[in-house]
Amino acid sequence: MSHSRKLADFSPSSSPIKKKNKSATTAGRADMEDNMAIKIKRFEDILKTELAAMRSEFSSHMTTVQNMCSKVDFLIGEQREQKKVINEHTGRLDSLEQQVIDLQDRSRRSNLRLLGLPEGAEKDDPIGFLKRSLPRWLPSLSGKDIEIECAHRVYSRASTDHSKPRVFLFKLLRYNDRNLILNEARRHSPVKANDGAMLSFFPDFSPVTAKKQSSFSIIRKELKEAGLQTFLQYPAMLKIVMKHGETKLMHSPDEARQFLSSMPSTHSPEMDVA
């Protein structure tokens, strides 16, 4: 038995060298764990510091964003109010513009425009020339006491052909005389001057109304070729008279063109009133 103990004392597991190495390894591992723990702690401290700084910066940014959102909301509200004000002003401006156009048209309601009269035909007495010439151009006016307040030539900005005679504009004292001349000019169409020049009488309107009415010129020619009679009504509507006497009122050239397209291709010609 003593021999066995001696052998056990000299076994590898009970070697002093082995025990010493094992103790050194354990101590080294402990040192590594301590160093790693220190480094991890240091890294955690750095992360905490950085996260705290990021939180602070993010909080600052959030405050800025919230302020900007508040300002944007305020600006959107202001913009809505401004749109309301602009819409109100636009509506008032449109209303005032329409009133001005209406006043211009009313101030010209006794005026007539004469187209085609040769230059210089009236000489130095345009009113006397008209009084003498109207009964010759429109015989049904003979014996009528038509009073003319003023008469003169006017330039047309839209026309670039200076070889054509200028428009002859005259103002009548009575609105009924203006309508009488227009009706008789339609009835005696075509009206010719003494030298054979073709004359046309038109109401005098504001530039806005005249432009709206002139937009019907092309479709009126097309309707005339189709044998339909047309009239322009104030402010800018086209009245179409059918063969059987039925009338149609068109508010735009496109509407009149659609109506023409829907009509049969053959019509019996009727006199068109300018």
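The values are calculated or read from the model by the stated rules, or taken from the named source; none is laboratory data. This structure is a prediction, so every number in the text was calculated from the model and none was measured. Cβ placement follows ideal geometry from the backbone for every residue including glycine, while neighbour counts extend to all protein chains displayed.
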Strands (runs of 3 or more DSSP E) wholly inside the range 106-208 that include at least 3 residues being within 30 Å of Asp94 (Cα to Cα): 111-115
Search result, residues across the range 172-202 that are surrounded by fewer than 17 Cβ atoms within 10 Å (Cβ to Cβ), touching a residue at least 24 places away in the same chain (Cβ under 8 Å) and not hydrophobic (A, V, I, L, M, F, W, C): Arg174, Tyr175, Arg186, Arg187, His188, Ser189, Lys192, Asn194, Asp195, Ser200
Which numbered condition Pro12 misses (of (1) in contact with a helix residue (DSSP H, G or I) (Cβ under 7 Å, 6 or more places away or on another chain); (2) of a type outside the set (Asp, Glu); (3) surrounded by 10 or more Cβ atoms within 10 Å (Cβ to Cβ); (4) modelled with pLDDT under 85): (3)
Inter-residue pairs, beta-carbon under 9 Å, first touching a residue at least 24 places away in the same chain (Cβ under 8 Å) and closer than 17 Å to Ala236 by Cβ and in the range 93-105, second in a helix (DSSP H, G or I) and hydroxyl-bearing (Ser, Thr, Tyr), 6+ apart: Ile101/Thr209; Gln104/Thr209; Asp105/Thr209
Which numbered condition Ile101 misses (of (1) over 23 Å from the mean Cα position of the chain (by Cα); (2) assigned to a helix (DSSP H, G or I); (3) among the hydrophobic types (A, V, I, L, M, F, W, C)): (1)
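Regarding Leu103, is this residue at pLDDT 95 or above, surrounded by fewer than 12 Cβ atoms within 10 Å (Cβ to Cβ), over 28 Å from Ala256 (Cβ atoms) and not basic (Lys, Arg)?
Working: at pLDDT 95 or above: yes; surrounded by fewer than 12 Cβ atoms within 10 Å (Cβ to Cβ): yes; over 28 Å from Ala256 (Cβ atoms): yes; not basic (Lys, Arg): yes.
Yes, satisfied.
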